[in-house]
Amino acid sequence: MINVLISNNGLEQHVTVDQLDKATRQVSYCECIDEMIKFANAEKIIIATLHIKYDSTHKQLSLVKGIKHTKPCDFVPLEVSICLVAISGCKIIVIPTFNNQRLLSDLQELLNLPIMFVGHNLQFSWYSLWQIGVEPPSRCWDTYIAERSMSLGVFNSTDRENKKKFIAQQEEFLSLGHCCLRYRVPNIMLNSSHSVVPEELKSSTYRPHLAARKLAFVLAKLFVKQSRKAEGQGVLKHLQDIEMRWVMTNARMGWHGMLIDQNKGMHAKKVARRVRGNFIERLNPYGIENPRSQCQLKDYFRLGGLLDYFWSKGTYRFDREILKENIDLDGVVEVLLQLSRLDDIENLQLLNPLFISEEGRVHPMHIQLGAATGRQSCKYPFVLGLSREQRNLIVPSTDHAICEIDYSQIEPGVAGVVFDDKRLIKMYNTGDVYTAMADLFLDGVSVGESLFSTYLHNETRLKSRNLMKVCTLGLIYGLSAFGLSRKLRIDEASAASLMDKFNSMFPDLINNQEIIVAQGHERGYVETATGLRRYVSTKGSTGHDKNWMKNHPVQGSAAVVFKDAGNHLDKVLKEYNAHIILPLHDSFVVEAPIKQIDDVVDLVSEVMCSALKRHFPELAPQVSAGKSTVNWNKDGEEAALDQWTEGIEKLL
């Protein structure tokens, strides 16, 4: 038995698989939407199933390695089938055309009914509805997202060679057909696809009402069985309150997209191409003819006794992140970093004409639960890792502004609650957790102590605060003594002692972390505050299981707070003609009319603080905000890209 909310007066009703089975066998078909609405008002509707066939091929992009992609704004709906499931039976309607406003108004009224609409991979269905000016239903159950939520981490692996294979296996695992097989739902529609071309619907063998009936049968049963499993795992409420609402929020971000300053982008690319050869010439005297050659780079840094500084995640890395960490290590590093930035600009997906719409906007595909932490990822184009200079390429529409509102230091605060460390909670609530840590840390450290004099001697409290930040994130993300020594430029033994000193300030956190890790190894998963589990991968140990088991309860719970805030913002921002254009880790990037930008900043800040307080009432929420009428930027750096291109040219 499982509670399913029905439409009549918001009552809850126990529904079993057998009852649904009986209901889906008593089917009648409607010719008009009015009949469906009357049926919904007269009966106790359990759920509705929704299936949209769309054409995603007419403007399909052909990317590298045979990848096909359709922008969110290019999905064209061809047929909508809806089934209302009541205890007394089912009513089905198939809508094959969308050529008059009355029909669309009636469809909107049907979708506005206060019932649960069940579908599979609804993100693309929502794109199709927005294409015809229809708003999707406010309550949904996406069987694809439900399954993705309940298998988080299963396909995660650090095996880069087989990464694509594992991703393909995951998508097959999440397909409707394979979900049916696992839940023993009669797989009568395994080959059913949303994406079709118009000719397929005109085939003499196509029977729309029969297809709609079969699919309704599958989705209704799958919904109940998934819900039962989620209830058993303690994650049902998380799915209903967070993930299923995020389906809409997530899809709307891709639909709106963001405006790109193409002229500025092309100028930056021209500069990058023009100066790249000069930087490569600077490396030639050091035996580096190809800056992308791992062998040449390893040989150079090995000769200087510096190679160990580039060891990370089981291999030697020379990407931008590692180069930035080691910028003061050697003059060659600075040249390599500049080359990395030049390559990033030249190959920036954001500027790929294939991804830019006729209106000059890009529409990334945001991937819900794309990271094993429970956070987002995105592709086509990837926009979550833009540098401070590249962010300037995202600009507001006419008479609009862009603002970014960021949770301040949320993860240390969440860690304090999740691991029940009262001292850490108190420090977070001071308004600057890292300064509070530095005050406590320095009270017990003499600058003459040999273990710490390397780093702390004659340093200001600000640098001590930065040290606390490194140590805190190391504690949450599992930074080793070796990793800390590399970041602080001290020997590993001193780093280990420094870490021991830092950890001694939070005995409750350390103890509870170890308990969580032990339970994780025993159970095969750890979970967030709302019950979202991350499982041990079936693709072999990542080699860092202890680290992510410490991290997931914190970062995953922070992601829950973030999504909850985003779901509320998706509703209230409409009143201001504003919308989220990007979810960036713990910050929302929002576009709004200039006249209302101050009100929007206040509103977003209030919603974000309320969400954190709702989930973790022990914490005193803090956010920081910035706004610009020129472009998206960090800390008022509206000219960061211009300054970088000018600086590169002057440097040569």
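The values are calculated or read from the model by the stated rules, or taken from the named source; none is laboratory data. The structure presented is a predicted model; accordingly, all values stated were derived computationally and were not measured. When we count neighbours, we look across all protein chains shown, and the Cβ atoms used for this are built from the backbone with ideal geometry, even at glycine. Accessible surface is based on the protein model in full, side chains and every heavy atom, while ligands, DNA and RNA are left aside. Shrake-Rupley method; radii C 1.70, N 1.55, O 1.52, S 1.80 Å.
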**Q.** Charge dipole (the chain, unit charges on Cβ, about Cα centre) - positive-most of T530, L619, L424
**A.** T530
Q.
I'd like the accessible area for S312, computed on protein heavy atoms only with a 1.4 Å probe and all protein chains in place. Round to 10 Å², please.
A. 20 Å²
(Q) Cut-off under 17 Å on the C-alpha distance; same-chain residues fewer than 8 positions from K237 excluded. Which aspartates and glutamates are left, in chain and number order? (A) E12, D142, E147, E527, D564
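How much accessible area per residue does region 323-389 have, in Å², with a 1.4 Å probe?
37 Å²
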Q) Protein chains only, probe 1.4 Å: how do K469, K221 rank by accessible area, largest first? A) K469, K221
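Kindly identify region 121-160 as rounded, prolate or oblate by the Cα gyration tensor criterion: order the square roots of the eigenvalues as a ≥ b ≥ c, call it rounded if a/c is under 1.5, otherwise compare a/b with b/c, prolate if a/b is larger, else oblate. Working shown, then result.
Working: a/c = 5.66, a/b = 2.29, b/c = 2.48.
Oblate, because a/c is 1.5 or more while a/b does not exceed b/c.
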Q.
Pairwise over distinct Cα atoms, reciprocal of the mean inverse distance: report the Kirkwood radius of region 296-359 in Å, one decimal place.
A. 13.4 Å
**Q.** Cα-based helix-to-principal-axis angle, 640-651 vs the chain, degrees rounded to 10
**A.** 40 degrees
Q: Calculate for the chain the 222 nm mean residue ellipticity that helices alone would give, adding -39,500 (n - 2.57) per DSSP H run of length 4 or more and normalising by residue count, nearest 500 deg cm²/dmol.
A: -14500 deg cm²/dmol
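Exceeding 25 Å between C-alpha atoms, which entries from my cross-link table qualify? They are K379/K563; K221/K550; K165/K298. Before the final figure, lay out the partial values.
Working: K379/K563 19 Å; K221/K550 36 Å; K165/K298 29 Å.
Long pairs (Cα-Cα over 25 Å): K221/K550; K165/K298.
Using the Cα centre as the reference, give the magnitude of the dipole from point charges on the C-beta atoms of the chain (Lys, Arg: +1; Asp, Glu: -1; all else neutral), rounded to the nearest 20 debye. Don't skip to the end; give the middle numbers.
On the way: 76 positive and 76 negative charges, 359 e Å.
Here the size comes out at about 1720 debye.
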**Q.** Computed over the chain: relative contact order in percent, which uses C-alpha pairs under 8 Å that are six or more apart
**A.** 15 percent
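What per residue convex hull volume, in Å³, do the alpha-carbon atoms of region 215-354 yield?
215 Å³
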Q: Identify, among Y54, V80, T70, the residue whose Cα sits farthest towards the positive end of the charge dipole of region 16-93, taking +1 on the Cβ of Lys and Arg and -1 on the Cβ of Asp and Glu, with the dipole about the Cα centre.
A: T70
Q: Just need log10 I(q)/I(0) for region 199-278 at q = 0.12, 0.14, 0.27 Å⁻¹, Debye formula, equal scatterers on the alpha-carbon atoms, no solvent, rounded to two decimals.
A: -0.73, -0.79, -1.11
Q: Sort F75, F155 from largest to smallest accessible area, using a 1.4 Å probe on the heavy atoms of the protein chains.
A: F155, F75
Q. Expressed as a whole percent, how much of the Cα-Cα distance distribution for region 303-434 exceeds 23 Å?
A. 59 percent
Q. Which value, in Å² and to the nearest 10, is the accessible area of D635 when all protein chains are kept and the probe is 1.4 Å?
A. 140 Å²
Q: With the cut-off at 28 Å, report for region 508-652 the share of all Cα pairs above it, as a whole percent.
A: 42 percent
Q) In whole percent, how big is the carbon plus sulfur part of the accessible area of the chain, probe 1.4 Å, protein atoms only? A) 50 percent
**Q.** Cα-based helix-to-principal-axis angle, 101-111 vs the chain, degrees rounded to 10
**A.** 70 degrees
Q: Go through region 14-102 and name the GluC sites (Glu not before Pro) that are in a DSSP coil and have 11 or fewer other Cβ atoms within 10 Å of their Cβ.
A: E31
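Quick check on region 25-144: of the DSSP beta bridges with both residues there, what percent are antiparallel, nearest 5%? Intermediate results must be reported in sequence, preceding the final value.
On the way: 19 of 27 bridges.
Here the antiparallel bridges make up roughly 70 percent for region 25-144.
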Q.
With angles folded into 0 to 90 degrees, how steeply does helix 262-283 sit against the dominant principal axis of the chain? Use alpha carbons for both and round to 10.
A. 40 degrees
Q.
On alpha carbon coordinates alone, what is the Rg over Rh value for region 282-327, Rh being the Kirkwood radius?
A. 0.94
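Kirkwood hydrodynamic radius (Cα pairs, Å) of the chain? Present the calculation step by step, with values, prior to reporting the outcome.
Numbers: mean 1/r = 0.0366 Å⁻¹.
It works out to 27.3 Å.
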Q.
Please report the net charge: other residues with Cβ closer than 14 Å to the Cβ of I67, K and R +1, D and E -1.
A. +4
Q | Stokes-Einstein D for region 237-297, Kirkwood Rh over Cα pairs, 10 °C, 1.306 mPa s (µm²/s) | A | 98 µm²/s
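Considering only DSSP beta bridges whose two residues both sit in the chain, what percent are antiparallel, to the nearest 5?
Working: 54 of 63 bridges.
Approximately 85 percent, going by the DSSP bridge assignments.
May I ask you to rank I356, I45 by accessible area, largest first, using a 1.4 Å probe over the protein chains only? All intermediate terms of the calculation are to be shown ahead of the outcome.
Details: I356 25, I45 0 Å².
Solvent-accessible surface, decreasing: I356, I45.
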